[in-house]
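Below is one structure; the comments refer to it alone.
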Amino acid sequence: MPLLDWLTGAHRSRPGEGQGAAPHPASATDWPFPFPPPGRAKPSPPDAIPPGIAYRWPFHPLEGPPLPSRGVPAPVSLADFKRELSGWCDDAGVISIDDPALAHERAEILWVYPHTRSLVCMIGEENKAAMQSRYLPSANNELYRCEERLWEMGRRTVKYINALGGEGLTTTIGWPQEVGQRWADKIWPLSHKLVAQAAGLGVIGLSRNFLHRKFGAYCLIDTVLTNLEWPACDAPVAWNPCLQCNLCVASCPTEAIKPDGDFDFFACYNHTYRDSIPGFLDLVRDLSERSRRAFKQRWTDNEIAALWQAMAFKVEYRCFNCVATCPAEIEEAFHAERDTRRRYLDETLKPLTHTRAVEDEQFVIDSPSMREKHRIPPGEWRTPIDRRSRSAAGVRLVSLRRIRTQSVDAMMRWMPQYFRPYEARGLAFTTQFLLTGEGGGAWAMRIADERCEVRPGTLERPDLTVRMPALLFLALHRGEASAAWGLVSGRIRLRGRRRLFFLFPRFFPTEAGSTWLHRWAFRLRRLRRKRER
């Protein structure tokens, strides 16, 4: 899609203009979402930034001549194959490697298994009662028991494929992934949810969970890659249970799920996965960078104990509300029967929402607006702990800088996710980044309607032009360089509406300063807001 169509019509893309940089890898926006968007579609102006339905980009380019395919015609029909799998899988579907839904990941799949001709998607049902429990260990234990069942489903499926004269392998349901090679970027080779939807097993919902036609959100997915091939495979179903309930939106303690289709990945990730990579990185950085006093202010005993438990046993996810409050498996009864709907709201939605959003500790991305909202001044990172209560209620601020990428290309692709929409209310502008040197190139960014979109390319009349070395921009993102010093030294050059550049630390927040000057500025802003009210 040309950049002209992406912008308002007043700007035109000129790919050859600017720094003469090497061509970029394919952008996350180069592939349209292959299915209808989740939720109820809402009309928007043609020049508006669309909701970020999904972000996808290449994982591994195929280098050199492709290996010869060892595809094997399946000796049994697709129906007979799936009937056999039903003996150990809760549900299964099959699609071709050439399915349009996998166009953006085809090279990745062939890198994992070069002879892939078909993908067998396996569904494992979770225990609904366990996933709806307010006692998180029950839900976490059910998640891992279901994963173990899926591993066994994959093993038996591969054995059956071997008996038919084919070969195959499972990928991974979740962990382990290629963290050591590709952090922080796309660390998985295959999107199981896209495979499942293409195979007609259900749809990806507004919450980004996969919703099975029978099990709803209470399921996990794994995929077997095989060289068996069939003349025809499964196809998507015309089913959309996300038209009107919005219970996942109401129950999300981080407000990550938006009714318009947007999803705040980092809001969810930094809270739900706190006792995984985000918390571990935070702990290590604080041990190496903070004073003893600052460390005690940032870390409580229960946070450290939770992280120990995750490392000693398995990751303990802090929230399953989007799964536990989704009524997709009883969709017809939920919308048709008032008693069913009332019981679901009173016995499931309200207790879980109160527990996760009020009683539990909240991990919130550190930004000026969040500090003002929760009245946390610079130099502090949490609301006061209530020592009279057994509850862990309170807000703990976490820095986005702790989830930092290793390359300029990955950083630019991640910028729409780092973007904090509430910091850009009422603003609409375009920015041209001209990044020089190693890893450089031209990138166009547009901010409007509290959304951000970034593409490789150039703009004819941007509101702001930022020219700097690419590695300096990466260092700013990683918190290893000062933008003020870059401006003073002339390494950062601005043209156009220069003041917009000074808003970037709010849009893409780094850690708040903690000097006395920052604290006084925080107090002055609060006084000004009180007077305005």
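Details
- Under a model in which nothing but the beta-carbon of Lys, Arg (+1) and Asp, Glu (-1) is charged, the chain shows a dipole of about 3060 debye around its Cα centre.
- Simple rule: put +1 on each Lys or Arg Cβ and -1 on each Asp or Glu Cβ in region 89-221, find the dipole, and look at Ala184, Ser207, Gly174; the Cα lying farthest toward the positive end is Ser207.
- Normalised contact order of region 76-190, rounded percent, pairs of Cα under 8 Å and 6 or more residues apart: 23
- Once you reduce region 75-147 and region 462-510 to the center of their Cα atoms, the two points are 44 Å from each other.
- Theoretical ellipticity at 222 nm over the chain - DSSP helices of four or more residues, -39500 (n - 2.57) apiece, nearest 500: -9500 deg cm²/dmol
- With the largest listed first and rounded to whole Å, the semi-axes of the equivalent ellipsoid of the chain from the Cα gyration tensor are 39, 31, 23.
- In this structure the amide hydrogen of Val72, modeled in the peptide plane, comes within under 5 Å of the amide hydrogens of Leu228, Glu229, none closer than 5 places in sequence on its chain.
- Partnerless Cys - the chain, beta-carbon criterion under 4.7 Å: Cys89, Cys121, Cys146, Cys219, Cys233, Cys242, Cys245, Cys252, Cys268, Cys319, Cys326, Cys452
- If you plug the beta carbon distance of Arg491 and Glu152 into 1/(1 + (r/R0)^6) with R0 = 51 Å, you get a FRET efficiency near 0.35.
- Cross-link partners for Lys159 among the lysines, with Cα-Cα distance under 16 Å and sequence neighbours closer than 8 places in the same chain left out: Lys82.
- Prolate/oblate/rounded label for region 165-298 (Cα gyration tensor, a/c 1.5): oblate
- Sequence-distant contacts, meaning Cα pairs under 8 Å at least 6 residues apart, place the relative contact order of the chain at 16 percent.
- As a rough guide to protection, the peptides 270-279, 74-83, 174-183 ranked by mean Cβ packing within 10 Å, highest first, stand as 270-279, 74-83, 174-183.
- Maximal additional length on extending the Lys350-Leu164 stretch stands at 61.9 nm, based on 0.36 nm per residue less the C-alpha distance.
- Working from Cα pairs under 8 Å separated by at least six residues, relative contact order for region 195-279 is 25 percent.
- For Lys128, a cut-off of 17 angstrom between C-alpha atoms picks up these lysines, skipping any fewer than 8 places away in its own chain: Lys214, Lys350.
- Listed residue (Ser86, Pro253, Pro38) projecting farthest to the positive dipole end of the chain, Cβ model: Pro253
Just so you know, all these numbers are worked out from the coordinates, no wet-lab data involved. Just so we're clear, the structure is a prediction, and the values are computed from it rather than from any experiment. No Cβ is skipped: glycine too gets one built from the backbone with ideal geometry, and neighbour counts run over all protein chains shown.
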